[in-house]
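**Q** This is the structure, below, for whatever I ask next.
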Amino acid sequence: MNIILFGPPGAGKGTQAALLQEEYNLPHLSTGNIFRAAIKNETPVGLKAKAFIDNGELVPDQVVVEIVAEELKDSKYENGCIFDGFPRTVFQSESLDALLEKKGAPACEVLALIVPEEELIQRVLSRGQGRTDDNEEGMKTRLGVYQNETAPVLAYYKSKEKVKEISGIGTLEEIFDRIKKAIT
Ligand code: AMP
């Protein structure tokens, strides 16, 4: 099973992906986490990605698609995975579809978390994870990028009838219950 947890910054994708990982015994693939680890370890990918991330902009598609293709070679992804923060552009979605098709893997189901913008800003500014991009300016940029570049991903998957929309308002458990119901 391949699942894309989709939503704007602050929608709770990471938290819900961690819960899903446990429930369904599927690995969690977060491109944001891969980039943060690469920056910490000062790898070539980390050096390429750092300025984009600090500015709240998207890392270029080619870089992102390459790290995901590389990551998916790991045998732990044999039975699928939960994508979090990827794909973020239509180009990335098309590349992912092509990659999965080549592997003979099932296409992705998209679970879209719906949260109003005011709530997203509040959540991100109060989450206190010490992320370099979790400030007011960075969040404004990320929301703009989401609207312009990432929201079209949803239309792309809707045209393939792959999307389930889930309210991302409520307690973690309430949201998780909705997600589980949407999967089964
Ligand atoms: P996240 O942890 O998913 O919020 O990602 C943090 C930052 O990493 C984003 O604001 C982007 O700068 C970068 N990033 C993560 N995933 C992607 C992606 N799929 N495409 C482009 N940039 C990404």
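**Q** Between a residue in the range 66-90 that is more than 11 Å from GLY32 (Cα to Cα) and in contact (Cβ under 8 Å) with a residue 12 or more places away in the chain and any residue that is more than 12 Å from the ligand (Cβ to nearest atom) and small (Gly, Ala, Ser), which pairs come within a Cβ distance under 8 Å, given they are 6 or more apart or on different chains?
**A** Pairs that qualify, where the first residue is more than 11 Å from GLY32 (Cα to Cα) and in contact (Cβ under 8 Å) with a residue 12 or more places away in the chain and the partner is more than 12 Å from the ligand (Cβ to nearest atom) and small (Gly, Ala, Ser), are GLY80/ALA105.
**Q** Surrounded by 14 or more Cβ atoms within 10 Å (Cβ to Cβ), in contact with a Gly (Cβ under 6 Å, 6 or more places away or on another chain) and of a type in the set (Ser, Thr, Tyr): does that describe SER93? Spell out how you get there, then give the answer.
**A** Working: surrounded by 14 or more Cβ atoms within 10 Å (Cβ to Cβ): yes; in contact with a Gly (Cβ under 6 Å, 6 or more places away or on another chain): no; of a type in the set (Ser, Thr, Tyr): yes.
Judged against the criteria, SER93 is not a match.
**Q** Taking strands (runs of 3 or more DSSP E) that do not extend beyond the range 69-184, which have at least 2 residues that are more than 14 Å from the ligand (Cβ to nearest atom) and either aliphatic (A, V, I, L, M) or touching a helix residue (DSSP H, G or I) at 6+ places or on another chain (Cβ under 8 Å) (or both)? Give the derivation first.
**A** Values: elements: 82-84, 109-114, 163-167.
Output list reads 109-114, 163-167.
**Q** If you don't mind, another one. So, in the range 2-60, how many residues would count as being farther than 19 Å from LYS181 by Cβ, more than 12 Å from the ligand (Cβ to nearest atom), over 18 Å from the mean Cα position of the chain (by Cα) and not aliphatic (A, V, I, L, M)?
**A** 5
**Q** Output the number of residues of the range 128-153 satisfying the condition of being over 26 Å from VAL110 (Cβ atoms) and among the basic types (Lys, Arg).
**A** Keep residues of the range 128-153 that are over 26 Å from VAL110 (Cβ atoms), which gives 128, 130, 132, 135-137.
Retained after the next criterion (residues that are among the basic types (Lys, Arg)): none.
Within the range 128-153, residues that are over 26 Å from VAL110 (Cβ atoms) and among the basic types (Lys, Arg) number 0.
No value in this document is a laboratory result; all are computed from the given coordinates. These numbers come from a predicted model, not from an experiment. Note that we place each Cβ from the backbone using ideal geometry, even for glycine, and neighbour counts take in every protein chain shown.
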